[in-house]
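Okay, so here's the structure we're looking at.
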Amino acid sequence: MDTAQLRAQIRTQIRTQIEEKFPAAFTLYRREDRGVIPTGITPIDSTAQGVPLHGLTEICGSSLNSSGKTSVLISLLARASQDRCCALVDASDSFHPQTGQAAGINLSRLLWVRCGKSKVKLRPLEQAFKVADILLQSGGFGLIAVDLSNLGERTVRKVPLSTWFRFSRVIEKQSSALVFIEQEPHATSCAQLVLRVQAEPRAFSRKLLTGFDLKVEVVRAGEKKPVCSERSGFALQTQWA
């Protein structure tokens, strides 16, 4: 018996001994499918089935140009606010209510928290996470979206993994969805769904952009291990077209 065969035999024996004492030791962890909130964007909903309830989702896109992540957020809020109370934690105060209402958001069911507008001396990132924590603990929201997309990557990268882990554990016990809008994913295995979006100009009318193609990459979905990335292209109309 050569060395490779001996090592394989030893590994098999060790695995057998572990499984005898701990039968589920090598069982792949699977989260229970407990519903989703559609984004209203067909390729996302057909590939990822929408944003998962009881889970943490990250929607990411570059800050160098229009990536489309804000359009995905607005579309998600428009769908969710039709029959759910929603909260938007706006770390950089960049949300435009008129644009959101034109896209179909029911503003009467949306709590808009504008960070940096109070007398509390907290940095926008810290304030955004504290508000998100309060909203999670209070309950009552079907969707909590935290927009960090305009904050510097160096700043967001400092958020400890323990914070993401705590958020994922809290949201698992609630029938709502927690969504972060960022430039890059940071929650790692704490996120149940990670989407990366990229927008490309598609149509112009009188030198005015009237539509763009949005490419969606599913970086992670459902399982603890990442899934193979998939890309889909489709068109979105601008709100000013």
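Residue-by-condition table, conditions (1) out of contact with any Ser or Thr (no Cβ under 6 Å at 6 or more places or on another chain); (2) modelled with pLDDT under 85; (3) part of a helix (DSSP H, G or I):
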{"site": "31", "(1), (2), (3)": "yes, yes, no"}
{"site": "56", "(1), (2), (3)": "no, no, no"}
{"site": "62", "(1), (2), (3)": "yes, yes, no"}
{"site": "65", "(1), (2), (3)": "yes, yes, no"}
{"site": "70", "(1), (2), (3)": "yes, no, yes"}
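Scanning segment 63-73 finds one or more residues that are under 16 Å from the mean Cα position of the chain (by Cα), under 24 Å from residue 37 (Cβ atoms) and basic (Lys, Arg).
Residue 23 meets all of the listed conditions (1) farther than 21 Å from residue 188 by Cα; (2) modelled with pLDDT of 80 or more; (3) not hydrophobic (A, V, I, L, M, F, W, C) but one, namely (2).
Of the residues contained in segment 206-213, none is found to be surrounded by 16 or more Cβ atoms within 10 Å (Cβ to Cβ), farther than 11 Å from residue 60 by Cβ, at pLDDT 85 or above and assigned by TED's automatic domain parsing to the domain that holds residue 44. From the list 94, 75, the lone residue that is of a type in the set (S, T, N, Q) and either surrounded by 14 or more Cβ atoms within 10 Å (Cβ to Cβ) or not assigned by TED's automatic domain parsing to the domain that holds residue 182 (or both) is 75. Scanning segment 150-183 for residues that are touching a Phe, Trp or Tyr at 6+ places or on another chain (Cβ under 8 Å) and either in contact (Cβ under 8 Å) with a residue 60 or more places away in the chain or not assigned by TED's automatic domain parsing to the domain that holds residue 49 (or both) gives 176, 178. Restricting attention to segment 131-171, the residues that are surrounded by 14 or more Cβ atoms within 10 Å (Cβ to Cβ) and charged (D, E, K, R) total 3.
The values are calculated or read from the model by the stated rules, or taken from the named source; none is laboratory data. Just so we're clear, the structure is a prediction, and the values are computed from it rather than from any experiment. All Cβ positions, even for glycine, are placed from backbone atoms using ideal geometry, and neighbour counts span all protein chains on display.
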